[in-house]
Every structure is written in C-alpha cells, then in structure tokens.
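The values are calculated or read from the model by the stated rules, or taken from the named source; none is laboratory data. Note that this is a predicted model, so its numbers are computed, not measured. Quick reminder, even Gly has a Cβ in these numbers, built from the backbone with ideal geometry, and neighbours come from all protein chains shown. Protein only, heavy atoms only, side chains kept; ligands, DNA and RNA dropped before computing areas. Shrake-Rupley method; radii C 1.70, N 1.55, O 1.52, S 1.80 Å.
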Amino acid sequence: MFLVTGSNGQLGNALRRLLGSRAVYVDRDELDITDAAAVNTFTGNGKFEAIINCAAYTAVDKAESEEALAAKINVDGPANLAATGIPLIHISTDYVFDGTSCRPYTEADRANPQSAYGRTKLAGERAVLEKASAAVIIRTAWLYSEDGNNFVKTMRRLGAEKPELRVVFDQIGTPTYAADLAATIVEVLPRLYPGVKEVYHFSNEGVCSWYDFACEIMELSGLRCKVVPIESKDYPSPAARPLYSVLNKAKIKRDFGLTINHWKESLHKCLQNLS
C-alpha cells in the first residue's frame with residue numbers, strides 16, 4: 001500500500017487514476033504533513049511501502065511575503081515524511097535553478113534559486129536527502145492537467161472570453177502533463193531500494209516559451225483569440241521566474257528505460273479529455 005500526500009492537486013489526482021485502491025490518498029484536511037507527531041501516528045502502523053509527496057506550497061508570488069509558511073510546507077513537511085523511514089518519492093521544481101543556462105539543466109548542475117518558492121523547494125530536497133532511508137526526488141516544470149487551476153485551463157477560458165491575450169515569450173521551458181509524470185512515478189516505485197537517494201528531472205520532451213504554449217493551446221482548442229508576445233519586464237511579478245529552465249531528462253530515461261512524449265502530443269491528449 002502506498003501513501004499519496006497532497007492528493008487533491010493535479011498530480012495527486014493523476015496518481016489516483018493510476019494507482020486506484022493500491023494507495024491511501026490524503027490532503028491537508030486528513031494529514032498535516034507539517035505536524036511531525038501527526039505524520040508519525042498516521043504512518044506508524046507499517047502498512048505503507050512508500051510515500052509519494054505531492055503536497056507543496058506553490059503560490060510562487062505569495063511566497064515572497066509568506067516565506068516562513070512556504071518553508072513550513074515545503075521543508076518541514078517533506079522532512080517529517082522522510083524521517084518516518086518509509087521510502088519517499090518527493091516532487092520538486094525547476095525553480096531551484098536561476099535560469100541563466102543556455103543548455104538544459106542536468107541533476108548535477110548547481111542550484112541557485114532566485115525566489116522564496118525556489119529556496120524553500122531546494123531546502124526541502126536537502127532535508128529529504130538528509131533524513132530519508134530511501135528517496136527519489138523528481139524535479140518537474142510547467143505542470144498542467146485536466147484538474148485544478150493551471151495555464152492550459154486558464155488560456156482556454158480566457159481565449160474563449162477575449163479577442164487578444166498577451167503572453168511572455170522570453171521564459172523558456174517545457175510543459176509537463178501530470179498524467180505522464182504520474183506514470184513515471186509508478187515506474188519509479190519498484191526501484192525505491194533501501195539506501196537509494198537520487199535526484200531526477202522529468203518533463204515532457206521539446207522546448208517552448210509560454211507564448212508558444214499559449215498559441216498551441218488556442219490552435220488545438222479551435223479558439224480565434226490572438227496571442228501577442230511580450231517580454232517578462234512588461235508583465236512584472238513579485239517573484240523572479242527562471243528565463244530558461246529546460247530540464248535534461250537523460251538520467252531518468254537511462255535508469256528507467258523511459259520514452260517520454262513530446263509536449264504537443266500530451267497537450268493534445270489533455271485537451272481531448274477536456275472537450
């Protein structure tokens with residue numbers, strides 16, 4: 001039996017569809033992962049083979065003024081889960097990098113987060129690696145799905161309401177379909193051997209800007225909304241976004257024999273499910 005935390009989010013819902021009755025699904029109402037005693041009580045019966053931690057503070061801009069709260073969820077929570085001794089898969093982010101690279105980031109590249117969100121996620125990674133008996137950390141980026149609030153659903157809604165949208169073209173990365181990440185996590189689970197502690201990168205294949213992503217969403221959705229490219233400086237936000245955060249996935253493809261879908265292919269699947 002597996003334990004999925006943060007189960008009401010995009011990735012948690014995708015895992016629910018794949019794992020079904022093989023897992024117990026909890027969100028903060030059922031288990032506050034920042035409460036070490038509650039975590040130990042909930043997991044202390046020995047029935048969980050592994051924990052998949054999808055819980056996170058992900059309000060990137062709000063984290064700039066709520067870093068202590070973000071740290072409680074993104075650092076203390078994963079640390080508590082890791083300290084149970086149960087093998088852990090923990091989800092992290094491309095925001096641990098500063099976005100100044102000109103080539104896809106590997107797991108060996110130096111982390112240098114430029115936002116409170118990125119700092120707390122990196123600290124959470126380090127806590128997991130320090131405390132876990134066995135752990136796999138998967139950094140991902142630009143997550144979207146049929147569930148919750150995300151860029152794809154927002155663009156579809158606004159594209160149906162407005163004749164024109166302005167979207168940044170100078171932030172480059174790769175979208176990740178939550179269903180594809182969930183399927184990869186299921187592939188990783190049997191390899192959580194005692195003593196294993198690894199960091200991996202996962203997103204869909206290919207590279208695009210948010211502008212390119214928005215254009216593809218409009219075209220595949222049959223929307224006539226015009227997408228206008230703008231620079232990041234024309235859309236200021238409290239938190240700095242990495243301008244380039246493409247993730248190199250060679251390690252996870254090699255270790256698990258994965259073939260990863262191109263982002264356009266996965267976007268098409270998601271939009272078919274939404275239509």
query: Which residues, counting only those in the range 182-213, are open to solvent by less than 20 Å² (accessible area, probe 1.4 Å), under 16 Å from residue 266 (Cβ atoms) and in a helix (DSSP H, G or I)?
result: 182, 184, 185, 213
field: Number of positions in the range 74-110 that are open to solvent by 20 Å² or more (accessible area, probe 1.4 Å), closer than 27 Å to residue 172 by Cα and among the small types (Gly, Ala, Ser)
entry: 2
task: Working carefully through the options 123, 132, 127, find the one that is among the aliphatic types (A, V, I, L, M) and closer than 14 Å to residue 97 by Cα.
output: 123
field: Among residues of the range 221-255, those that are modelled with pLDDT of 95 or more, open to solvent by 30 Å² or more (accessible area, probe 1.4 Å) and among the hydrophobic types (A, V, I, L, M, F, W, C), counted
entry: 4
query: Is it the case that residue 179 is modelled with pLDDT of 95 or more, among the hydrophobic types (A, V, I, L, M, F, W, C) and open to solvent by less than 60 Å² (accessible area, probe 1.4 Å)?
result: yes
Every residue from the range 262-271 that is open to solvent by 40 Å² or more (accessible area, probe 1.4 Å) and in contact with a helix residue (DSSP H, G or I) (Cβ under 9 Å, 6 or more places away or on another chain): 264, 268, 269
task: Starting from the range 164-175, keep only residues that are under 15 Å from residue 142 (Cβ atoms) and of a type in the set (A, V, I, L, M), then list their pairs with residues that are open to solvent by 20 Å² or more (accessible area, probe 1.4 Å) and in a loop (DSSP other than H, G, I, E, B) whose Cβ atoms are within a distance under 8 Å, requiring at least 6 positions of separation or different chains.
output: 168/231; 168/235; 172/207; 172/243
message: Quick test of your reading of the structure: residue 132 fulfils all but one of (1) closer than 20 Å to residue 3 by Cβ; (2) surrounded by fewer than 24 Cβ atoms within 10 Å (Cβ to Cβ). Name the failing condition by number.
response: (2)
query: Has the range 5-17 got at least one residue that is open to solvent by less than 10 Å² (accessible area, probe 1.4 Å) and β-branched (Val, Ile, Thr)?
result: yes
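Residue by residue, here is whether (1) in contact with a helix residue (DSSP H, G or I) (Cβ under 6 Å, 6 or more places away or on another chain); (2) among the aromatic types (Phe, Trp, Tyr); (3) free of Cβ contacts under 8 Å to residues at least 24 places away in the same chain holds:
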{"position": "217", "(1), (2), (3)": "yes, no, no"}
{"position": "250", "(1), (2), (3)": "no, no, no"}
{"position": "253", "(1), (2), (3)": "no, no, yes"}
{"position": "256", "(1), (2), (3)": "yes, yes, no"}
- line: Within the range 178-194, the count of residues that are under 16 Å from the mean Cα position of the chain (by Cα) and either charged (D, E, K, R) or farther than 16 Å from residue 54 by Cα (or both) comes to 1
- prompt: If you take the residues of the range 232-247 that are out of contact with any Pro (no Cβ under 7 Å at 6 or more places or on another chain) and of a type in the set (A, V, I, L, M, F, W, C), which of them is farthest from residue 109 (Cα to Cα)?
  reply: 239
message: Just to be sure before I move on: is residue 21 surrounded by fewer than 19 Cβ atoms within 10 Å (Cβ to Cβ), farther than 20 Å from residue 187 by Cβ and not aromatic (Phe, Trp, Tyr) in the structure I sent?
response: no
message: Looking at the range 106-121 only, could you name the residues that are touching a Phe, Trp or Tyr at 6+ places or on another chain (Cβ under 9 Å) and part of a loop (DSSP other than H, G, I, E, B)?
response: 107, 109, 110, 111, 112, 113, 114, 115
The lone exception for residue 112 - which of (1) touching an Asp or Glu at 6+ places or on another chain (Cβ under 6 Å); (2) under 11 Å from residue 199 (Cα atoms) it fails: (2)
- prompt: Do the conditions hold for residue 156, that is, is it more than 22 Å from residue 268 (Cβ to Cβ) and either open to solvent by 10 Å² or more (accessible area, probe 1.4 Å) or not β-branched (Val, Ile, Thr) (or both)?
  reply: no
- request: Could you pull out every one of the helices (runs of 4 or more DSSP H) wholly within the range 1-89 that has 3 or more residues that are among the small types (Gly, Ala, Ser) and closer than 20 Å to residue 137 by Cα?
  value: 77-82
